[in-house]
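Below you'll find the structure, written out as structure tokens, and then a few comments.
The values are calculated or read from the model by the stated rules, or taken from the named source; none is laboratory data. This one's a predicted model, so the numbers in the text were calculated from it and none came from an experiment. Surface accessibility is based on the protein's heavy atoms, side chains included, excluding ligands, DNA and RNA. Shrake-Rupley method; radii C 1.70, N 1.55, O 1.52, S 1.80 Å.
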Amino acid sequence: MSLTVEESNLLRFYFLNLKVASKAARVYFDSIHPPAGLAGELTRSSVTLKGLRFMTKLQLNVLYPSSGQTVTSADFDTTLIVCLLRNLPPRESSPLTGWDNLPPPGDTSTGADLARVKWYRNLSAHSKDGILSSTDFNQFWGDLEGAIGRLSAKGGLPMLKEAQLAQSFSIGSLTDVLLELRNYEKSQQELTEMITNLQSAIDSLRTNKEEHEKRIHQVNVSHQKGEAETQKLTTEPSDYKDKCTEKLEACKNDIKKNEEMIKELQDQSVKKKDKIADLISQIGKLEKHDKMLKEHDEHLAMLDEQGSKQGEQIAQQGEQLAQHCEQMAHQSEQMAQQGEQMAHQSEQMAQQSEQMAQQSEQMARQGGSNQTRLEEDTKALIEEDVREGTFVSTKAVTDGLLLLKQNGVLLITGHAGTGKSRIGRHVLHMFCTENMSHKCMKLTLAEWDNMTNRKENMDNRAENLVLLLDDIFGETNCIYNREKDTPILDKVHAYVCKGNIKVIITIRDTVKRQCQEMFDSHRLFKSDFIDLSTDKYLLSRKEKNTFLAKYMKTVRQSDYTDNKGFLDFNGDTILDKKEVLKIIQENPVKGFPLVVYQFVHYNKYFKLESKFFDRPTKAMLEDMNAIRRKGEDQRNFMIQYAVMVYTAINENRINPDDSSNITEIPKIIDAIYEKTVKLKKWHISDAVNELKGSHLINIPNRRSYRLHHPTLQESVILSFAQIDEANINKIIPLISWSFFLKMVKPESYKEKEGEVVLRIQTNSFKLLADRLVDIYIAEFVTYDFDRFISNLCNTEIFQQEYCHLLPCLLEVLEKEDIKDKHTENMIRSGEIDRCDYSA
């Protein structure tokens, strides 16, 4: 019977899949994993491959045959080839649609072509009706033919022409080929049945072995019983023989006496014949008795012979027992060695336990020292505020203190520069001044969590604390993590309810809006709060005038007069009264307190007079760019700009005494200006001193400095982001982990309200991966791998660009796998399995 067109289509497409496509995949596989080194690669990746949940026992038998057999790709089917390409280094990248779906025609990546071969193979092998329409045939054939051509070309053996010729292959030949394939599948099935039967035979032999061992044990027991009986039999005839010998000797003595008596009677008298007859009769009985004794002797001889045979058997058993005892002794010796090894391991475990106990003790001491340090740092910060003398008490301060006393929680929000942090510190200072038994502490959520996790430390030290969580979820961008932060907030609420602590929290309004759902739902924030952006807490002209007067007095040593305005120590007017009136009427976007601080401290801003209050952010950005441009010709400005950039990307911190500055800051100069310079520590110190007050402020209790406000840090980053792509690539190796989590975004990212970000293009991902691996090895590899993966997976750049960034990360990690199993750790990490890549 002839085949229909649809049946012929399926048959031809089936042939293309099994004969040509599978060969193309194998050609590509051999080019990536050459046959000469395939066995070694499989051995090195055995743990990974055997741990795959979808790897079958039959596939593992193909990959790891019995000794003496060589494994080649010719033994692999298409499914196994694709599986190995996905999991053997360098690991083929997954297509956008995944490995189990048909990729779109436009995706011609290697991963997509492998997925095509696998998908079409499954389609043709599992056809329900055995037909394929001409439309689908032409579409499928063209798609698979292109994949065959690309894969085989990459493998060094082009097969496109072979795929094209397969379309005109005769149906008769195809039928023969398919019959051959079916016979092969049948032989494979028979081989599988043989393997099953052999396994059953092995199980049967194992059962027989156990039964033989039981019988040997029973024989040993019976031998022991036989030996005991033999000893008994040997002892009893010997005793009986001794008794008979004694009786025989007694009888002989009697006969001798009787003979003497007979002789005496014969000599004496014939009268005693009757008595002699009686004696003769007794002699006859004695003869019978003697016969019985002979029979007993014969019986004893027979028993001796049997005893000899049993003795030989017992001797043989004794030899067997001796061999068994020797084996037991050898096993005992091995067990003794194992016992010694276990004792050594126990000793090592005891040492490790002791070390862990010491580490725990050190951590407990460190926990106490950390809390003491936080208390001292907070005290120094407040003392610096008091010494400066520029703070102005407002309605927000009095209301905030009242809310803290009533509710135990005070939340202060508002836009940048409205004085949230300064008000929070002042309320903290006022409360602890009124309540001397309370200790004040400025810290982060993570530091609070570490403190409460040390229960002993909390039991002894946590009572009567007032905490300041300043910029609780980030200064500029929102870093709130529901899974991590919600349990900590629950713990804070529990301590507040218990009465142990009171909490002051500050947060920028743009950051608060990005996690508003949490503020609306969490019970810690159910009380009233202070919003400095509302009309209720807007500064009055009198309060603004007081702000300006205090800063002018402290920084410019200038006093205000009603006639002229602010005068210097010579009596000259440095800020006219009219300008003062304009200034106190302004409500600048970035907040009056911040703008006044910048205006008074920086001469360039001061010269702008009231104009600076109109657009401070734009003025700061222009100032940053101006310093950068001056750095092209003037060395001191070049170093100053590089110092500010380094501070901004180094978690807003710089220590002039840190020797690493003389290597890191020249790298930034090279990245920005493409100039190679050599610096000494005094160059850095001079630049910091020149920037101090106008741009940098000292961190209390530290030798370090920071940019005086997040808005200034934003301006530095925005200025830096305007540098071209090539220079950004030079700066990527210098970014910190904190900067990456908060600021680094993909190229397609759209900023939220108030955000400042640094976009990284995909062609810079290799460089970014190098930096992330450096951070991972330096900061996370020894103690907290899952936290690194969790934080990485929560970033927008990883969620949106994981298909490009993850291969770069794995490639860099594989270079380190010679020393450590970083790639395997990442693949096996439970955290990376929970990542959401749907973004």
Name the residues whose placed amide hydrogens come within less than 5 Å of the amide hydrogen of residue 531, ignoring near sequence neighbours (fewer than 5 apart) on the same chain.
413
With the Cα gyration tensor of the range 603-691 giving a ≥ b ≥ c as the square roots of its eigenvalues, does the rule (a/c under 1.5 for rounded; else a/b larger than b/c for prolate; else oblate) give rounded, prolate or oblate?
prolate
Can you give the alpha-carbon Rg of the range 506-619 over 2.2 N^0.38 Å, where N counts its residues?
1.32
Accessible area (Å², per residue) of the range 441-553, counting only protein heavy atoms and a probe of 1.4 Å
48 Å²
Which order do 584, 777 take when ranked by solvent-accessible area (1.4 Å probe, heavy atoms of all protein chains), largest first?
777, 584
How big is the convex hull of the Cα atoms of the range 36-154, per residue, in Å³?
134 Å³
Which shape class, rounded, prolate or oblate, goes with the range 638-766 when its Cα gyration tensor gives a ≥ b ≥ c as root eigenvalues, a/c under 1.5 marks rounded, and past that a/b bigger than b/c marks prolate?
oblate
Quick one: of 19/815; 484/526; 442/512, which pairs are farther than 29 Å apart, Cα to Cα?
19/815
